[in-house]
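The values are calculated or read from the model by the stated rules, or taken from the named source; none is laboratory data. All values reported here derive from a predicted model rather than from experimental measurement. Every residue, glycine as well, gets a Cβ built from its backbone with ideal geometry; the counts of neighbours run over all protein chains shown. Surface accessibility is based on the protein's heavy atoms, side chains included, excluding ligands, DNA and RNA. Shrake-Rupley method; radii C 1.70, N 1.55, O 1.52, S 1.80 Å.
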Amino acid sequence: MKITALRARRLEVPVTMPLTSEPRLVPLILVEVDTDAAASGHALFFAPMASAVLAYLRDEATPLLVGAPARPEAVREVLEQRMPHRATTGVWASAASLVDIAVWDALGQRTRTPVWQLLGGARPEVGAYVTFGLPAYGRTELVRLAEQLVADGHRGLKLVVGAQAGPDDGARTRSLRVDVERIHAVRAAVGPDVDLMIDANKRLTLPQAVALADAVGDCDLTWFEDPVTLGDPRLMAQARDRIAIPIAGGSLGMGNVATFHQLVASGAIDIAQPNVRDLGGFTGGRRAMAIAEAHHLPVAMGGNWPHLNAHLYAGVARGGPVEFHLQGWEVARLIYHDAIEPHEGRLALGDAPGLGLTLRQDLVERFTVP
């Protein structure tokens with residue numbers, strides 16, 4: 001089976017979040033791969049520096065890959081050979097991840113096999129939690145949404161922290177105080193039996209992260225994700241030494257498996273979070289999972305796009321829960337005919353071939369950016 005065409009386009013999808021009325025545009029990149037075996041595949045997610053990713057896919061990757069074997073490791077090798085010493089940059093990593101996922105989808109379509117089974121088929125379902133605590137929600141809205149999610153059967157919730165921090169120390173102090181109040185309010189609303197996590201998205205300094213963790217030490221948090229600036233492994237290791245809450249990391253901004261390995265091997269995290277969007281698709285994600293297993297670390301997905309990552313976490317041994325971020329969840333509900341949905345903290349993958357997802361082509365055309 002060989003690649004006969006590779007198409008990339010940018011979408012802007014209008015998404016209306018819970019408890020809001022005005023839609024926001026979510027920028028996405030869609031990659032589609034055709035093969036000579038009448039099997040096609042696709043990948044869809046948000047990627048930073050979208051214009052550069054598209055330019056690389058159209059001008060560099062397509063001439064290399066058309067006519068190449070539609071095999072994930074072979075595709076990875078072709079792309080890496082043309083990027084000596086530069087295969088860790090963000091643009092290349094995003095592009096390579098998109099192509100890899102699309103090739104796996106095509107492989108699944110060709111063999112009539114779900115990707116999670118192609119990756120090993122460890123289990124037909126995975127755990128799921130919801131990232132709902134977005135900065136746009138005030139404390140009252142946050143509590144209301146948390147109570148609704150728990151009433152719907154969800155047993156794991158995650159809040160974003162540090163998002164309101166300003167450039168000066170006073171603004172940051174006020175922001176962290178608001179975060180402390182929000183976390184306590186949600187814990188009081190949902191009770192002790194719901195897993196509660198926080199995610200700083202690599203925004204905080206080490207002293208800020210330690211102060212925040214100390215202030216919510218009575219909230220029984222399951223993990224503190226990406227607490228410090230840029231996810232620096234040295235700072236993450238220091239945070240792990242000084243913070244009682246388990247430290248999670250390894251999703252956003254990894255770029256390659258070597259960086260992921262550095263984070264794990266340095267003893268910087270308690271929970272590893274491989275994401276196929278960042279680590280080279282399923283091919284890179286599978287390698288990252290092996291690194292986590294070799295270091296006896298539990299895994300729990302972070303970084304959005306569960307409709308892709310669920311296949312990795314169901315496919316390999318020792319897989320953990322996947323994240324349903326409200327934004328990515330709403331995108332999938334809108335753009336696919338058959339988006340998978342969590343139910344009472346679990347996500348069943350089913351037996352549909354490939355990713356098991358069918359794009360709504362009318363909406364793809366409508367939301368394509370010229």
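Structure notes:
- Residues (in a strand (DSSP E or B), open to solvent by 10 Å² or more (accessible area, probe 1.4 Å), more than 15 Å from Ala102 (Cα to Cα) and not charged (D, E, K, R)) located in segment 19-41: Leu25, Pro27
- Every listed requirement among (1) open to solvent by 10 Å² or more (accessible area, probe 1.4 Å); (2) at pLDDT below 95 is met by Leu349 save one, (2).
- Restricted to segment 180-189, and to residues there that are of a type in the set (A, V, I, L, M) and surrounded by fewer than 20 Cβ atoms within 10 Å (Cβ to Cβ), the residue that is farthest from Glu141 (Cα to Cα) is Val180.
- When Glu181 is tested against (1) of a type in the set (D, E, K, R); (2) at pLDDT 95 or above; (3) in contact with a Leu (Cβ under 8 Å, 6 or more places away or on another chain), exactly one condition is not met: (3).
- Among the residues making up segment 108-122, those that are under 20 Å from Arg287 (Cβ atoms) and open to solvent by 40 Å² or more (accessible area, probe 1.4 Å) are Gln117, Leu118, Gly120, Ala122.
- Candidates are the residues of segment 328-370 that are among the aromatic types (Phe, Trp, Tyr) and touching a Leu at 6+ places or on another chain (Cβ under 8 Å); the one that is farthest from Leu25 (Cα to Cα) is Tyr336.
- Matching residues, segment 267-300, being open to solvent by 10 Å² or more (accessible area, probe 1.4 Å), part of a loop (DSSP other than H, G, I, E, B) and touching a residue at least 12 places away in the same chain (Cβ under 8 Å): Gly267, Asp270, Arg277, Asp278, His295, Leu297, Pro298
- Helices (runs of 4 or more DSSP H) contained entirely in segment 104-212, each with at least 2 residues that are without any contact (Cβ under 8 Å) to a residue 40 or more places away in the chain: 139-151, 169-190
- Unique match (being surrounded by fewer than 15 Cβ atoms within 10 Å (Cβ to Cβ) and β-branched (Val, Ile, Thr)) among Thr16, Thr62: Thr16
- From the list Val216, Val228, the one residue that fits, being at pLDDT below 95, farther than 14 Å from Val264 by Cα and either among the β-branched types (Val, Ile, Thr) or open to solvent by less than 20 Å² (accessible area, probe 1.4 Å) (or both), is Val228.
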